[in-house]
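I have placed the structure first, in the form of C-alpha cells, so that the comments after it can refer back to it.
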Amino acid sequence: MALVLNEDQQLLKDSAQSFCQQLAPVSLLRRLRDSKDETGFDRDVWKQMVDLGWAGMAIPEAYGGYGFGYGGLGVVLEETGRTLVSSPLISTVLLAATAINELGSEEQKQELLPKIVAGELLVALALDENSSHAPSRIGTKAEKSGDGFILSGAKTFVLDGHVAQKLIVVARSSGEIDSRQGLSLFLVDAGLEGIAISRTHMVDCRNAAKIEFSQVEVAADALLGEVDAGFDGLDKVLDIARIGLAAEMLGSIQEVFERILDFLKTREQFGILIGSFQGLQHRAATMYSEIELCKSVVRAALAGLDDSGKSRQDIAELASIAKAKLSEVFFEVSNEGIQMHGGIGMTDEFDIGFFLKRARVAQHFLGDASFHRDRYASLNNF
Amino acid sequence: MQSLEKFQKSTREWLQANCPESMRTAMVAEEVVWGGRNASFKNPDSKLWLERMAARGWTCPTWPAEYGGGGLNKEEAIILNQELRRINARVALTSFGISMLGPVLLESGSVDQIMEHIPKIVAGEIRWCQGYSEPGSGSDLASLSTRAELHGDTYTINGSKVWTSYADQADWIFCLVRTDFDVPKHAGISFILFDMASPGISTKPIQLISGGSPFCETFFDDVKVPERNLVGRLNEGWSIAKRLLQHERTMISSFGLSSGQSDRGGTTSMLASIERAAMHYRGDTDRLSDAVLRDRIAQFKIDSAAFAYTSQRSIEESKQGQGPNATSSMLKNYGCELNKRRYELLMQALGSQGLGWEGDGFDSDELQVTRQWLRSKANSIEGGTSEIQLNIIAKRVLGLPDIMSAGKAQGSK
C-alpha cells in the first residue's frame, strides 16, 4: 500500500491548492454567510470546480468520469478543507454519486452519473432521523402500494437538501426500527408532492435541511438497489464518504496548525516570541505528532478504497480508524487554534473561528469519534 | 517489479526451508538472542536460526554485503520483513550493535574500524553496550565529564557511566568521553570504542522498580584504549552521538509498533490482545462488558494502527540509505507513550490478577504483565525523555525559537 502521493496525485494536489487559495478562500465562505446566500455555496465557483473535473474524479470512465480513484478525490477534498470550501462535493459527489455508482442499476448509472460529472445535477442523501448518526435507526416508512411505494417520515441534517434536484431517501420497508434488515433506498425527485424541505443554517455556514415526507408516492423504478436489503450497500457508501470527509478534515487541521505556528513565530510578549515558551512548544509538538498520524491514516484509507484486494471488513475498519482519529484531532487542534491565538482568536474578524465551527460539524457528520470507536470495537469482536 | 517478485519467491522458499519450527512461535523473554562471547542459547534452534540468518547477512539486511551484511535495497528489505512476519519468525539477533552502533560506524568509521567490527556485529559474535548517560548528565547529556587523555598513542579513561544497558554482559562499549574541557560542552566530546575486558572496568547492576536489572553503573579507572579506536575526529563526537540517538529512537519507537498487533512475534499470547484478556477475566463472551474500558481499548488500537501506518510512511518517504531523521523523535515519543498505555490497559484488563508480584496464585503471563508494566515506565525516559523529544520536534521540525542560549540543551543545536 502506497502511503505517499504518486506523481499524478501530487500534480492534482498542487492545482487544487492554487484553485482553492485563489478562487475559494475562507473569505468566500464569510461572504456567503454575511449575504445570507440562498444557495449556500457559490455556483460559479462550483461550475469551475466541475470544469476541473472534480465532480467526476472517482466516477468510472464508463459513466463519463475520470477514473482518478478515491486517492484523487481525496487530495482535492484535502485542499478544499484548507480553505473551508462550501460546495456540493460532499453531498452530491462523495455521498450521492458514490451511492448511485455502488448501488444503482446500469440504467440509473448511465442516466445520472454523467449529469453529476457535468455539474447538471445535485443530489442529497436523506439518512439521519435523530440528532446522532445511527444508520440503521430508520423509522421513515416505505409501504408497498401497487407497483410503487409510499414514503412517510422525517429526515434531518440532509446536506444541500434545499438545493438538490433529487434525493436519495433511506426508508424502512420492513423490520423493527434498529434492524439492519428491511432498509431500502429510493431515488426521488425533490419536487414530488408531499415532500416539504426546510433549510437549516448550520454553525459552519454550510447547508443542511430538515425534510418531511407525507404520503409521497414513488414509482417502483425509484428503488436504488434491492428492496429490504439496502443496509450493507449503504454502509459501504457511508464508509467511502467517511474516508473522503476525513481527507477534508485533514486539510482543515493542517491549515489551523500552520496558522498557529505562524502566530507562535510572530507574536511577541514579555519581549520575546511566544513560540519560545516551552509550555506552547510542547503542545505544538504534540499536535504535530497527532497530525502526522492523521496524514497516515487518511492516505492508508484512501489507498485502501482504490485497492481491489481490500475486503469489506478492511474498508470498514479503515473508515472507522480514519473518522475516529481525525475527529479527535480536529477537536483538539481547533480548540488550540483559538487558545493559542488568544483574544484575537475569539474575534469574528479573524478566520480561525470558522475552523472551530467547521470542526464540530465535520466531527459529528457520519459518526463522531465515539460512534466510530464503538463500531471499531464491534468490527473486532469485543 | 519482476526481480522483486523473484526475490519474494526465493525468500519465502528459503525461510520455509531454513526457519526452524520453534522459531515461528511467539518469543519468550528468556530466549531472546543477544549474541556475544558468552552467548547462551536456551533453545538450540535459536543458535541454528542465528547462524543461518547471519550467513546470509540477514541479521543486518541493508548493510553492505562486503562487510557481511545482506546487501539488500530498501524494497527488498521490506519484502524480507514482510516474509518474516508472515511466518511469525522470531528476531534472530537482538543487538545494540545492529540498532545503534553499526549504522553510525558505517557512516563515520574508518575502513579498518568497519572491517574489524561490522562482520562481528552481523554474526552476533560481539555484544555491545552504550556508554552515554552519567550520574550528572541525563537529559543534559552533553555536560558529560568522563575524561579521556592521550599519552603517546593510548587514551587513559577515567569516570563513570550510568544506565548502561547490560554492561555486565557486554563485550565492547561505544562510549562518549570528554577530550577537551576548555571549550563549549558540545565541542569537547569524542566517540570511542573499547573492550569491556580491559583492566580498570567494573560494572554494577541497578535494580529497577520492576525487580529486573537491565541497566548498570559502569566505572572506568585508568582504562587504556588505543588511539585508533576513536571514531571520527577528535572532539567531534557529538554529531556522531546525536546521529546514533536518532537510530536509538527508531529502535525504541518499534516498541510501540508491537502494540495492538496480534500477529507479531515477540509477545506472548496474553500480551497480544488486551481486549481478549479483558473479556476473559470478566467472563464476557461476545462483547466487553466494561463500556469505558472497551472505548479506551478501541481508542488505543486505533492509535496503534495509525502509528503503524506512520512508521510505514516514514520508511516509504525516506530515501534509500538515508536512515532516520528528525521525525525519529516523533516516532520515539509516540511509540513509547503507546507502549505505556498498552500496559496500563492490560493492568486494567487483568484486574487483581495483574497485581501479583511473585509466587502462587498468578501464572507466569500475569506476573510478566505486572513486571513489564513497571518496566514500561522507563520507555519515556530512556533514549531521551519525552520532554526532550518534544523539545527536538519543536525546534528542529517546527522551527520554533530556542529560549535557551545556543547549545545548552541536548539536541538543541
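The values are calculated or read from the model by the stated rules, or taken from the named source; none is laboratory data. Because the structure is a prediction, the values reported are computed rather than measured. Heads up, the Cβs are rebuilt from the backbone with ideal geometry, glycines too, and the neighbour counts pull from every protein chain shown.
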Set B:Ser95, B:Ser143, B:Ser137, B:Ser99: member being free of Cβ contacts under 8 Å to residues at least 12 places away in the same chain and either in contact with a helix residue (DSSP H, G or I) (Cβ under 8 Å, 6 or more places away or on another chain) or outside the structural domain of B:Gly159 (by TED's automatic domain parsing) (or both): B:Ser137
Assigned to a helix (DSSP H, G or I) and of a type outside the set (D, E, K, R): is that true of A:Gly67 in this structure? no
Flag for A:Pro25 being in contact (Cβ under 8 Å) with a residue 12 or more places away in the chain, under 24 Å from A:Ile291 (Cα atoms) and surrounded by fewer than 19 Cβ atoms within 10 Å (Cβ to Cβ): yes
Are there any pairs with C-beta distances below 6 angstrom linking a residue in region A:122-137 that is assigned to a loop (DSSP other than H, G, I, E, B) to a residue that is aromatic (Phe, Trp, Tyr), with the two at least 6 apart or on different chains, and if so which? A:Asp128/A:Phe157; A:His133/A:Phe371
Restricting attention to region B:63-90, the residues that are more than 15 Å from B:Glu13 (Cα to Cα) and either buried (at least 21 other Cβ atoms within 10 Å of the Cβ) or modelled with pLDDT of 95 or more (or both) number exactly 11
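So that you can scan it fast, the table gives a plain yes or no per residue for (1) modelled with pLDDT under 95; (2) closer than 22 Å to A:Ala99 by Cβ; (3) within 23 Å of the chain's Cα centre (by Cα); (4) surrounded by 24 or more Cβ atoms within 10 Å (Cβ to Cβ):
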{"site": "A:Asp239", "(1), (2), (3), (4)": "no, yes, yes, yes"}
{"site": "A:Ala247", "(1), (2), (3), (4)": "no, yes, yes, yes"}
{"site": "A:Val256", "(1), (2), (3), (4)": "no, no, yes, yes"}
{"site": "A:Leu261", "(1), (2), (3), (4)": "no, no, no, no"}
{"site": "A:Thr266", "(1), (2), (3), (4)": "no, no, no, no"}
Hey, does region B:107-126 have a residue that's touching a strand residue (DSSP E or B) at 6+ places or on another chain (Cβ under 6 Å) and within 30 Å of B:Leu15 (Cα to Cα)? yes
Specify the residue that is modelled with the lowest pLDDT; the eligible residues are those in region B:297-312 that are under 16 Å from A:Ala322 (Cβ atoms), of a type outside the set (Phe, Trp, Tyr) and within 20 Å of the chain's Cα centre (by Cα). B:Gln312
Looking only at residues that are in a loop (DSSP other than H, G, I, E, B), at pLDDT 95 or above and charged (D, E, K, R) in region B:265-296, which one is nearest to B:Asp363 (Cα to Cα)? B:Asp284
Please go through region A:241-275 and pick out each residue that is farther than 26 Å from A:Ile90 by Cβ and assigned to a helix (DSSP H, G or I). A:Leu261, A:Asp262, A:Phe263, A:Leu264, A:Ile274, A:Gly275
I'd like to check something: does region A:37-47 contain any residue that is outside any helix (DSSP H, G or I), among the small types (Gly, Ala, Ser), surrounded by 12 or more Cβ atoms within 10 Å (Cβ to Cβ) and in the same structural domain as A:Glu79 (by TED's automatic domain parsing)? yes
If you scan region A:156-178, which residues turn out to be among the hydrophobic types (A, V, I, L, M, F, W, C) and within 9 Å of A:Gly139 (Cα to Cα)? A:Ala171, A:Ile177
Which members of region A:138-169 meet the condition of being charged (D, E, K, R), assigned to a loop (DSSP other than H, G, I, E, B) and either closer than 22 Å to A:Phe41 by Cα or touching a strand residue (DSSP E or B) at 6+ places or on another chain (Cβ under 7 Å) (or both)? A:Asp160
Just the residues that are within 11 Å of chain B (Cβ to nearest Cβ) and touching a Phe, Trp or Tyr at 6+ places or on another chain (Cβ under 8 Å), please, taken from region A:360-377. A:Ala369
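Each row is one residue, and each column tells you yes or no for (1) at pLDDT below 95; (2) surrounded by 21 or more Cβ atoms within 10 Å (Cβ to Cβ).
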site	(1), (2)
B:Thr94	yes, no
B:Gly97	no, yes
B:Gly102	no, yes
B:Asp112	no, no
B:Ile118	no, yes
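Residue by residue, here is whether (1) more than 14 Å from chain B (Cβ to nearest Cβ); (2) buried (at least 21 other Cβ atoms within 10 Å of the Cβ); (3) among the aromatic types (Phe, Trp, Tyr) holds:
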| site | (1), (2), (3) |
| --- | --- |
| A:Glu317 | no, yes, no |
| A:Asn335 | yes, no, no |
| A:His341 | yes, no, no |
| A:Phe350 | yes, no, yes |
Pairs only if they're at least six apart or on different chains, beta carbon under 9 angstrom, first in region A:1-13 and facing another protein chain (nearest Cβ under 10 Å) and surrounded by 12 or more Cβ atoms within 10 Å (Cβ to Cβ), second assigned to a loop (DSSP other than H, G, I, E, B) and of a type outside the set (Lys, Arg); list them, first residue then second. A:Met1/A:Asp307
Are any of the residues in region A:12-28 of a type in the set (A, V, I, L, M), closer than 22 Å to A:Arg299 by Cα and in contact with an Asp or Glu (Cβ under 7 Å, 6 or more places away or on another chain)? yes
Quick check on region A:256-263. Is at least one of its residues within 19 Å of A:Arg82 (Cβ to Cβ), within 11 Å of chain B (Cβ to nearest Cβ), touching a residue at least 24 places away in the same chain (Cβ under 8 Å) and not aromatic (Phe, Trp, Tyr)? yes
Please state which one of B:Phe194, B:Phe219, B:Phe181 is more than 11 Å from B:Tyr155 (Cβ to Cβ), surrounded by 15 or more Cβ atoms within 10 Å (Cβ to Cβ) and either modelled with pLDDT of 95 or more or of a type in the set (Phe, Trp, Tyr) (or both). B:Phe219
Single match in B:Gly351, B:Gly384, B:Gly361, B:Gly356 (criterion: within 22 Å of B:Ala278 (Cα to Cα), more than 10 Å from chain A (Cβ to nearest Cβ) and touching a residue at least 40 places away in the same chain (Cβ under 8 Å)): B:Gly351
Unmet requirement for B:Pro324, which otherwise passes all of (1) touching a Lys or Arg at 6+ places or on another chain (Cβ under 6 Å); (2) in a loop (DSSP other than H, G, I, E, B): (1)
Tally up the residues in region A:13-49 that are of a type in the set (A, V, I, L, M, F, W, C) and more than 19 Å from A:Pro88 (Cβ to Cβ), please. 0
(1) over 14 Å from B:Leu390 (Cα atoms); (2) surrounded by fewer than 17 Cβ atoms within 10 Å (Cβ to Cβ); (3) at the interface with another protein chain (Cβ under 9 Å from one of its Cβ atoms) all hold for A:Ser311 apart from (3)
